[in-house]
Amino acid sequence: MKDKNMRVNKEGPFLAAEHVLRGQAEERVRDQAAALLEDVNTMSLQETQRLLHELRVHQIELEMQNEELRRTQIDLDAARTRYFDLYDLAPVGYCTISDEGRILQANLTAATLLGSNRRALVNQLFSQFIAKADQDIFYLLGKQLLETREPQIGELRMLKSDGLQFWAHLVASASADHEGSPDLRIVLSDITERKQAEEVQLKEGSLQKAIFNSANFSSIATDAQGVIQIFNVGAECMLGYTAEEVVNKITPADISDPQEIIERANALSVELATPISPGFEALVFKASRGIEDIYELTYIRKDGSRFPAAVSVTALRDARETIIGYLLIGTDNTARKLVEAERTLLDQALQLKNTELERATAVAEKANLAKSDFLSSMSHELRTPLNAILGFAQLLESGSPEPTPSQTRSIDQILKAGWYLLELINEILDLALIESGKLSLSMEPILLTDVMRECETMIEPQAKGRCISVAFPSANLPYFVHADQTRLKQVLINLLSNAIKYNKEGGSVVVECTLSQPNSIRISLRDTGAGLAPEQLSQLFQPFNRLGQEAHVEGTGIGLIVCKRLVELMGGVIGVESHFGEGSTFWLELSLVNEPLLLDHLEEHPFVAQTPLQVATYTMLYVEDNPANLMLVESLMMRRPDIRLLSARDGKRGIEIARTSLPDIILMDINLPGISGIEALQILAQDLNTAHIPVVAISANAMVRDIEKGLAAGFFRYLTKPIKVYEFMETLDLALGFVKTEAIQINNKENDHDSLFRDS
């Protein structure tokens, strides 16, 4: 049944063709039926019989031809199957390429290798599947094939349709198609795995060769008995032996000396193999147990000279874990030993230098401290008699009866000299504080308008005395700079004073403020004085250098260096532009900051309900020299009608108001003109009338050490600028709570005392 089905399947096409032919024949017979019928009617019996015989013979002949056609078709199908197996399913790829380089045919294997459909490959350029780096190889193969007509073989990198690269073995041969046109037949096979294996093998071989031929370290391999079997180039260079002199002749113990174990006297040149010596045996004993270490050995060269070496020993084992030898890797340790020795000497020298430097630093610090202490002491010692001189001179000046004209002139000279001497003392003390690093600044937002207004008021008498006109910026300056207000005024007053002193009679000074860089402002002071020569400019900021003006204008020569150090401490820069005979322009640049929180920003913080009719029950004194900060606290106090606010612009005035008004709370800035906030606190604490008042520090000195120093000095709380409003109000409430508690305790003590007195 199976064979019958197979036959039906195979003969199906032939049966269908026969059916078609029979139909066509029947149709032709019908067309010719009339003519045939007429011929038959006219034919004799004998002719009819002969015609029937011929028809039977012709029919049998046709049947035999059909049978031959069936057998031929079966053979053709078998041939096609064999062709499919041999061509399409071949383990290699076949491609037929036209003389234009386009793919005409490709088997399934070639399509798989190139990662494309067989139909899609047709008419594509074969060269597009060749890696760019190997295009020249393919071109030379084709050229050589056309010249020699001999098959060409090559290995090159090819690309799949998705761009993936693979190695291919390519055989190209020439042929002609049925029309005689030249075709290129290409046979492809994927050799990527073989190429990768070859690369790994080549790399391993190269590494092994590089290791064995490296002159940077010695590689010595022995057998299990310790006789040298491998002696690389590095060992030859390092030890002076050749491989022929040592292989199968001596052991590593003959050329090395384990310092911890054995001291060999000299090198041995042994013709016969020698066993492992006791020293080397100790080394391989640890290696045989899997303990690998690096040893400090002394290698002995062939000429008997010695050098330090770092050597590692490893046991070599076969597949059954049996030790078959030992491998010694050694490096010349001479350079490292020399470096270590030099480093030791350098460390000793450096330690000695550090000791000397520490000693010199200690001496310098001691000298600097002594200088600072001396200057501070001298300042105090000079101020004491100077206070008496100026005090009594002022009493004489305003005394009764009035002094005579001659006495007035003498008193004026005493006061002038006294105030000048006080100015010198202040400048020297400022320089000493700056150089000792003890000067602390209160950095905060400063409104330039306030500073300019105060400087204008302070410098006006000096300018009028010399008929010098001083022009300040007319409009309000809406700029805040990051600076210490007291020190900024000191710098500006010093520069303005110099611009007046070194100006010509009837001259002028112009102060200007301009934006110089992003987030910076330049304050310039231009005078109409004599100007400075180039050599004078180079010496301008040197201490005690008067630039040849000693005989003409009073001064110490340290004012400008103090200004320079102060500006730099405030994060700014200072400079000068001058032309001899045309005047000078001194300038300083400071960083701009945002406007601090003022009353407009307080509307969203309703701390307490406003009660305009409420009478203040507490008094608070705020000692502050910065108008902007004072304005802020005044604005805050508008929300606290229970507190009456007093203010003072310096520490001395603050002490006076505290003693006369006895406020309930005191707010104290740290950096104040005259005496600092800490000094003012100490004075108040020593006075029995003010010692009980809680003093809250409020300062721009916000470092941890500043806060700790302030609290250690005795402040009730330490607030930092910019003020945090909620924290500020909470601190006030705490201080007021403290005041109430103190008042209750004092009242209880008084009642107890009165009760005790009545009982007695």
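Restricting attention to region 622-650, the residues that are at pLDDT 85 or above, outside any loop (DSSP other than H, G, I, E, B) and either in contact with a His (Cβ under 6 Å, 6 or more places away or on another chain) or not hydrophobic (A, V, I, L, M, F, W, C) (or both) total 4. Checked against (1) in a helix (DSSP H, G or I); (2) under 22 Å from Val573 (Cα atoms); (3) not small (Gly, Ala, Ser), Cys513 passes all but condition (1).
Inclusion of Ser161 among residues that are at pLDDT below 90, over 44 Å from the mean Cα position of the chain (by Cα) and closer than 23 Å to Ala90 by Cα is not warranted. Suppose the filter is out of contact with any Pro (no Cβ under 8 Å at 6 or more places or on another chain), buried (at least 18 other Cβ atoms within 10 Å of the Cβ) and of a type in the set (Asp, Glu); does Asp669 pass it? Against the criterion (out of contact with any Pro (no Cβ under 8 Å at 6 or more places or on another chain), buried (at least 18 other Cβ atoms within 10 Å of the Cβ) and of a type in the set (Asp, Glu)), Asp669 qualifies. Confirm whether Ile411 is assigned to a helix (DSSP H, G or I), out of contact with any Lys or Arg (no Cβ under 6 Å at 6 or more places or on another chain), modelled with pLDDT of 75 or more and outside the structural domain of Ile521 (by TED's automatic domain parsing). So Ile411 fits the description; yes.
State which residue is modelled with the lowest pLDDT when the search covers only region 170-201 and only residues that are of a type in the set (Asp, Glu) and assigned to a strand (DSSP E or B). Ranking the qualifying residues of region 170-201, first place goes to Asp183. The residue that is surrounded by the fewest Cβ atoms within 10 Å (Cβ to Cβ), counting only those in region 324-346 that are among the hydroxyl-bearing types (Ser, Thr, Tyr) and closer than 27 Å to Ile291 by Cα, is Thr334. Does Gly559 satisfy being under 20 Å from Cys455 (Cα atoms), under 43 Å from the mean Cα position of the chain (by Cα) and at pLDDT below 85? So Gly559 passes the test. Condition check: modelled with pLDDT under 90 and out of contact with any Cys (no Cβ under 6 Å at 6 or more places or on another chain). Does Asn751 satisfy that? Criteria met by Asn751.
Of all residues in region 648-670, exactly one satisfies the criterion of being acidic (Asp, Glu) and closer than 16 Å to Ala735 by Cβ, namely Asp664.
So which pairs qualify, if the first residue must be in region 332-359 and among the β-branched types (Val, Ile, Thr), the second must be surrounded by 10 or more Cβ atoms within 10 Å (Cβ to Cβ), the Cβ gap must be under 8 Å, and the two must be at least 6 apart or on different chains? If the second residue must be surrounded by 10 or more Cβ atoms within 10 Å (Cβ to Cβ), the pairs left are Thr334/Phe307; Thr334/Pro308. Among residues that are aliphatic (A, V, I, L, M) and at pLDDT 70 or above, Leu272 is not included.
Figure legend. Inter-residue proximity from region 470-481: first residues under 12 Å from Glu595 (Cα atoms), second residues surrounded by fewer than 16 Cβ atoms within 10 Å (Cβ to Cβ), beta-carbon distance below 6 Å, spacing 6+ or different chains. Indicated pairs: Phe480/Glu595. Identification of strands (runs of 3 or more DSSP E) wholly contained in region 88-169 with 2 or more residues that are free of Cβ contacts under 8 Å to residues at least 24 places away in the same chain and aliphatic (A, V, I, L, M) yields 103-106. Ile657 fulfils the conditions (1) in contact with a helix residue (DSSP H, G or I) (Cβ under 9 Å, 6 or more places away or on another chain); (2) closer than 11 Å to Val623 by Cα; (3) among the hydrophobic types (A, V, I, L, M, F, W, C) except for a single criterion, (1). Residues that are more than 18 Å from Leu588 (Cβ to Cβ), outside the structural domain of Ser699 (by TED's automatic domain parsing) and at pLDDT 90 or above number at least 1 in the following strands (runs of 3 or more DSSP E) confined to region 440-497: 469-471.
Each row is one residue, and each column tells you yes or no for (1) acidic (Asp, Glu); (2) surrounded by fewer than 15 Cβ atoms within 10 Å (Cβ to Cβ); (3) touching a helix residue (DSSP H, G or I) at 6+ places or on another chain (Cβ under 6 Å).
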site: Ile97; (1), (2), (3): no, no, yes
site: Ala111; (1), (2), (3): no, no, yes
site: Ala120; (1), (2), (3): no, yes, no
site: Tyr139; (1), (2), (3): no, yes, no
site: Gln144; (1), (2), (3): no, yes, no
site: Glu150; (1), (2), (3): yes, yes, no
site: Gln165; (1), (2), (3): no, yes, no
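Within region 674-731, the set of residues being among the small types (Gly, Ala, Ser), within 43 Å of the chain's Cα centre (by Cα) and part of a loop (DSSP other than H, G, I, E, B) comprises Ser676, Ala700, Ala702. When Asp664 is tested against (1) in contact with a helix residue (DSSP H, G or I) (Cβ under 8 Å, 6 or more places away or on another chain); (2) surrounded by fewer than 20 Cβ atoms within 10 Å (Cβ to Cβ); (3) modelled with pLDDT of 90 or more, just one condition goes unmet, and that condition is (2). Among the numbered conditions (1) over 60 Å from the mean Cα position of the chain (by Cα); (2) at pLDDT 80 or above, the only one that Tyr83 does not meet is (2).
The values are calculated or read from the model by the stated rules, or taken from the named source; none is laboratory data. What you see is a predicted model; the values in this text were computed from it and never measured. Don't worry about glycine lacking a Cβ; one is built from the backbone with ideal geometry, like all the others, and counts go over all protein chains shown.
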